């Protein structure tokens, strides 16, 4: 098919899909000038068109901007002054959990996660226990090997006790 220099293959927005189908059925091509004339008559911005089509992207972008995220060198590279690295739009949006969230909400989220995910809880327990053990051993390097094993168990039990307190659900008795 020959292409006239005034003709071009162009992107047709979702809201014009019905018109495009009619054009295709009639064997016509749309000219740039007609396309831009149609766009001038359409007072919606791109985000309004995307919302009308059911996209959540406009809301995601607005949320990111409210939370201090900015695009960097590309519309899908996001950076934040308090976060190291670059993120895609959805990665930045998923990161929202700890930016601007009150500490009480973050603590509640952490406690709930530690209650529900036993592997995650066990990792926390082991890390807390070994940190205390390492600190003890750096202060008392000549500890008897038999005592070392007992200490690790005691420190892990202490870590478990701490996690139980941290993750206890609030009741009227313990508030």
Counted residues in region 57-87 being assigned to a loop (DSSP other than H, G, I, E, B), within 14 Å of the chain's Cα centre (by Cα) and exposed (fewer than 12 other Cβ atoms within 10 Å of the Cβ) come to 0
Selected residue (only one of 122, 134 is in a helix (DSSP H, G or I), within 20 Å of residue 107 (Cα to Cα) and assigned by TED's automatic domain parsing to the domain that holds residue 107): 122
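The values are calculated or read from the model by the stated rules, or taken from the named source; none is laboratory data. Remember, it's a predicted structure, so these values are computed and weren't measured experimentally. Cβ atoms come from the backbone with ideal geometry, glycine included; neighbour counts cover every protein chain shown.
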